[in-house]
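Undergrad: Here it is, the structure in full.
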Amino acid sequence: MAVAIVDTGGYLVYFERMPDTQLGSVEVSMDKAKSAALFRRPTKAFQDTLAAGGDGLRILSLHGAIPVEGGIPLIRGRESDRSHRRLRRHQRPGWPHRASRSRRSEIGYARAFP
């Protein structure tokens, strides 16, 4: 698992990965974080829109929009911030970003503060 945290401009401010993480996940986590921060929506929203087909295929033309679940914007005072606190309850001791297997795909990769 790789965790990337970016600022509101999508620039990397923190990155960490578990020792056995595949190297491809490094770039993917950074791209998900940047997409979630710049568009201020979870990357799953892009994935669902694309999966619906039709006009949803326009997502492919948005520069920087990553249609893969996993990027979540964390914005203070909004629903995303409450989601982050809920996810932290599922973390296990040990590696700071480890979460239960069922929640791994929902870990917050992007952190954006207005």
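Undergrad: Only one residue in L62, L38, L12, L57 is touching a residue at least 24 places away in the same chain (Cβ under 8 Å) and either touching a strand residue (DSSP E or B) at 6+ places or on another chain (Cβ under 9 Å) or not charged (D, E, K, R) (or both), so which one is that?
TA: Only one candidate passes the filter, namely L38.
Undergrad: Can you spot a residue in region 36-47 that is over 21 Å from M1 (Cα atoms), at pLDDT 90 or above and in contact with a helix residue (DSSP H, G or I) (Cβ under 6 Å, 6 or more places away or on another chain)?
TA: Checked region 36-47: at least one residue is over 21 Å from M1 (Cα atoms), at pLDDT 90 or above and in contact with a helix residue (DSSP H, G or I) (Cβ under 6 Å, 6 or more places away or on another chain).
Undergrad: How many of the residues making up region 4-28 are surrounded by 22 or more Cβ atoms within 10 Å (Cβ to Cβ) and in contact with a Ser or Thr (Cβ under 9 Å, 6 or more places away or on another chain)?
TA: Residues meeting the conditions: 1.
Undergrad: Scan region 4-18 for residues that are within 9 Å of the chain's Cα centre (by Cα) and under 17 Å from A65 (Cβ atoms) and report the count.
TA: Qualifying residue count for the region: 1.
Undergrad: Identify all residues within region 33-61 that are assigned to a loop (DSSP other than H, G, I, E, B) and closer than 19 Å to Y11 by Cβ; write none if there are none.
TA: Matches in region 33-61: R40, R41.
Undergrad: Go through the residues of region 19-29 one by one and say whether even a single one is over 16 Å from I66 (Cα atoms), touching a residue at least 40 places away in the same chain (Cβ under 8 Å) and β-branched (V, I, T).
TA: Checked against the condition, which is being over 16 Å from I66 (Cα atoms), touching a residue at least 40 places away in the same chain (Cβ under 8 Å) and β-branched (V, I, T), region 19-29 yields no hits at all.
The values are calculated or read from the model by the stated rules, or taken from the named source; none is laboratory data. This one's a predicted model, so the numbers in the text were calculated from it and none came from an experiment. When we count neighbours, we look across all protein chains shown, and the Cβ atoms used for this are built from the backbone with ideal geometry, even at glycine.
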